[in-house]
């Protein structure tokens, strides 16, 4: 590729956080992981979002709600990969209660600043937002009970390293329970190598089998990948026929 994936993604999502801070819309280029307020409400349908700051909702960028899928329990320690404005972290903090704790990991200073402001607004004590890359998680081995994330692993250009790190920080018996976008048919190489496609959660999407193989290679067991919805070109807001029904939102669960 002719661009640095990590820096491009960091610049892109940092820009979204700045827009949220300034009061501008938080839509990311019409892609499947672009969430304005209506799309956030759709993804988190059935959840009571009334107690969350608007900035947490506006800074939400994802493809599905990982919280009910993760089945969090009181007292668990949770890590959210690519925590953005903090919506999943704040929801997880409520689920694990005062005896539990939640880490939110993000590589962008702007998103971290936004998330920390949302934490203060909520008055939540059992949350810690930390800066770092999902390929090099700044936490010790076997600290985490549950890893969640929402449309983040696809943004990495080294998914094996990212999932290997997830495995490392999980306790034995711990679980990965994430939402992500996967590819179900081939798309042209120029689209895979397009920076906007990467930032829009599509260029870096891999197949279900490739995802399964990586999870298995780094050590995960009892792997489950469940397709939730198919993205049409209308949903993605594009006229490119090769993208139509090429991507799906999926829930992915695996155990250490």
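Quick look at the values:
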{"quantity": "Options 202, 191, 163: the member that is over 20 Å from residue 252 (Cα atoms), touching a helix residue (DSSP H, G or I) at 6+ places or on another chain (Cβ under 8 Å) and in contact (Cβ under 8 Å) with a residue 24 or more places away in the chain", "calculated": "191"}
{"quantity": "Flag if residue 178 is more than 16 Å from residue 9 (Cα to Cα), free of Cβ contacts under 8 Å to residues at least 40 places away in the same chain and touching a helix residue (DSSP H, G or I) at 6+ places or on another chain (Cβ under 9 Å)", "calculated": "no"}
{"quantity": "Qualifying positions in region 1-23 - part of a helix (DSSP H, G or I) and either free of Cβ contacts under 8 Å to residues at least 40 places away in the same chain or within 17 Å of residue 191 (Cα to Cα) (or both)", "calculated": "5, 7, 8, 9, 11, 19, 22"}
{"quantity": "Failed condition for residue 120, given (1) free of Cβ contacts under 8 Å to residues at least 24 places away in the same chain; (2) in contact with a helix residue (DSSP H, G or I) (Cβ under 8 Å, 6 or more places away or on another chain)", "calculated": "(2)"}
{"quantity": "Complete set of residues in region 227-256 that are surrounded by 14 or more Cβ atoms within 10 Å (Cβ to Cβ), in contact with a strand residue (DSSP E or B) (Cβ under 7 Å, 6 or more places away or on another chain) and under 15 Å from residue 64 (Cα atoms)", "calculated": "231, 247, 248, 249, 250, 251, 252, 253"}
{"quantity": "Answer from 128, 141 - the residue that is surrounded by fewer than 17 Cβ atoms within 10 Å (Cβ to Cβ) and in contact with a strand residue (DSSP E or B) (Cβ under 7 Å, 6 or more places away or on another chain)", "calculated": "128"}
{"quantity": "Region 192-208: number of residues that are out of contact with any strand residue (DSSP E or B) (no Cβ under 9 Å at 6 or more places or on another chain) and surrounded by fewer than 16 Cβ atoms within 10 Å (Cβ to Cβ)", "calculated": "2"}
{"quantity": "Strands (runs of 3 or more DSSP E) fully within region 100-163 counting 1 or more residues that are within 20 Å of residue 195 (Cα to Cα)", "calculated": "101-106"}
{"quantity": "One residue from 102, 146, 96 being farther than 26 Å from residue 181 by Cβ, touching a strand residue (DSSP E or B) at 6+ places or on another chain (Cβ under 7 Å) and at pLDDT 95 or above", "calculated": "96"}
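The values are calculated or read from the model by the stated rules, or taken from the named source; none is laboratory data. The model shown is predicted, which means the values in this text are computed figures rather than measured ones. As a convention, Cβ positions derive from the backbone with ideal geometry for all residues, glycine included, and neighbour counts pool all protein chains shown.
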